[in-house]
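Q: Here it is: the structure, laid out below.
The values are calculated or read from the model by the stated rules, or taken from the named source; none is laboratory data. The structure presented is a predicted model; accordingly, all values stated were derived computationally and were not measured. All Cβ positions, even for glycine, are placed from backbone atoms using ideal geometry, and neighbour counts span all protein chains on display.
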Ligand SMILES: [Zn+2]
């Protein structure tokens, strides 16, 4: 993936001594890499959203209809908030080392202060904050570069940007990125959920609705 200044400029730290607020480091255009302040900003934006959707009441969660396949011919029902929570946790699990993941769980998921984390893990303050910066930077990069559906930008994730999976795989094969985490597509998640590849249906839809209503009618008559 190629990072551009138009993408990094808005979220870079203006006081950053590495990129001076531009968000990119490196000489030639093709070799430019995102500054750590940009990666940390991406992580914090995604973490804030994770905190919001995981603490809100479950009735606030919306059900969406998403197209799958190369032509988007099949549609499946999805719950974006719950998918986001699962994806965010999966990125942490796959990206971080075991010791980093312990700090991630204690500090970011359970809300432990630095003092509590240091006591529990037997590390000093400096080691803890270095690890937190490293977690934010590593996860920030993966959250943006992940294929085919990156968690950042959030509006693209939640508005359901459609991407041909074959095109995404072709792009990854021509320019492989070692640190990119590939998440299963929506269709693969549906088939692995034990419904034999059948897309999820809306509750009480079509003939199922009729059969349920007939069953209810019969049991009411029997009760009477
Ligand atoms: Zn910077």
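Q: Give the number of residues within the range 35-62 that are in contact (Cβ under 8 Å) with a residue 40 or more places away in the chain and within 16 Å of the ligand (Cβ to nearest atom).
A: The qualifying residues number 9.
Q: Further question on the same structure: Which one is farthest from residue 87 (Cα to Cα), of the residues in the range 26-54 that are touching a strand residue (DSSP E or B) at 6+ places or on another chain (Cβ under 6 Å) and surrounded by 18 or more Cβ atoms within 10 Å (Cβ to Cβ)?
A: 32
Q: Could you check the range 6-15 and list, in sequence order, the residues that are more than 11 Å from the ligand (Cβ to nearest atom) and either buried (at least 16 other Cβ atoms within 10 Å of the Cβ) or within 19 Å of residue 146 (Cα to Cα) (or both)?
A: 7
Q: Any residue that is farther than 29 Å from residue 34 by Cα and not in a helix (DSSP H, G or I) - is there at least one of those in the range 87-108?
A: no
Q: Cβ-Cβ distance below 7 Å, separation of 6 or more or different chains: which pairs start in the range 16-29 with a residue that is within 15 Å of residue 40 (Cβ to Cβ) and near the ligand (Cβ under 8 Å from one of its atoms) and end on one that is in a loop (DSSP other than H, G, I, E, B) and at pLDDT below 90?
A: Every condition considered, the pairs that remain are 25/32.
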